[in-house]
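Working notes for the structure below.
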Amino acid sequence: MITRQIVKVGLLYQLRLFVDESQMANEDVEQREKILTCLEKEFQKLYPGCRVHSTGSFKNGFGFQHSDLDVCIELEMNNNESSIQILENLAQCLQSNEPLFRIIEIVRNARVPIVRLVHIESDIEVDISVNNLLPIENTRLLKMYSDIDPRVRELGFVVKTLAKKCNICDASRGTLSSYAYILMVIHFLQQVQPPVIPVLQQLPNGLSSNIPNVRKREDWNVYFYDDLKNLNEVWKDYGLNKLSSGELWIEFLRYYTEIFDYDKNIVTIRQIQPLPRSEKGWFHPTIAIEDPFILTHDLTEKLSLRTHSMRKGDYGGPQHANAKWKSFPKGFCMVAGDSMRRTFNQSRIEDQAISFIW
């Protein structure tokens, strides 16, 4: 049996090696920046003064080497043009002359219409939306959390990879998005004692508590504390958590299999206090995850019971060090498929957590 100390050391080493090998190299970043510059140059021809924003994993600190590009075009809307018409114009613009991009599709019926294309030279996929500005704030918020402590990125990378390996990281197929998994990581790191990171949306705006924590974007409050160099002055728990990222990985699994109350509460990162389902009226049988800014948006609203196999009674989790596995809580959808059964169903978490990260 692997000793606890070996697991701690092994997990820490494997986690950091994994992150080093998975994160974007300088050339990956440069390639994507060139694509953004190219897009802005082309779009300025049609819509002078428009701005190109990169959102999602490329900019939020949790991007892999092969991450796609999510792009928002910010421009003044003409009353005679819909966002879909603008996307069609942009797609046509990119196809003119010597095309640098291949258009895959225009997704017209989504909540946020997009044009999906591929940069021919690099084979990087790009999703473009128009005036979808709240993801810019989401990206900034996640980037701020990833910059507070390196353990945030390390744990985020591992959880995203876990979900991808188990084929449960695609919202279009009835599973959770990678964004939802990162929110689960941040929530856990806020709740563990002592916390690894604060709740940035609850920290005061400056050293005076009299200044309201409000900054509006599309009628939603998108305020969060962003002065990281002075974080130790406004957050009393700064630097108190000494657990390694390997130990936090184990505790993350324990938190979502033994501690978090799926029936009563919602995963939230905007407040430290529990967020009851009754407050939102979100009583569906799966895990509930609140968007930190669009407070009416449950990120699991399209989660499929058919595709998320980790419901109560399907598999099990450890009650204590030498116990047999108990039933996972209803709604737990982090673990699915044969790969996870091989990894976690034959021994306690401490012994098996290391076997996933190789």
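Computed from the coordinates by the stated procedures, all read-outs in this text should not be read as laboratory data. Just so we're clear, the structure is a prediction, and the values are computed from it rather than from any experiment. Heads up, the Cβs are rebuilt from the backbone with ideal geometry, glycines too, and the neighbour counts pull from every protein chain shown.
Tabulated data for the structure shown
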read-out	value
Only Lys, Arg (+1) and Asp, Glu (-1) charged, at Cβ; the range 26-135 dipole about Cα centre in debye	300
Cα lying deepest toward the dipole's positive end in the range 26-135, options Asn89, Ser122, Met77, charges on Cβ	Met77
Per-pair calculated FRET efficiency, R0 = 41 Å: Glu279 and Asn131 via Cβ, rounded to 0.05	0.85
Simple spin-label estimate for Val118 and Glu301 in nanometres, 7 Å along Cα-Cβ	3.2
Label-to-label distance, nm, for residues given as Gln271 and Leu243 (7 Å Cα→Cβ offset)	2.4
Loop-located GluC sites (Glu not before Pro) in the range 61-98 whose Cβ has at most 15 other Cβ within 10 Å (DSSP)	Glu76, Glu81
Residues listed by number, the range 113-133, amide nitrogen under 14 Å from Ser82 label point at 7 Å toward C-beta	113-114
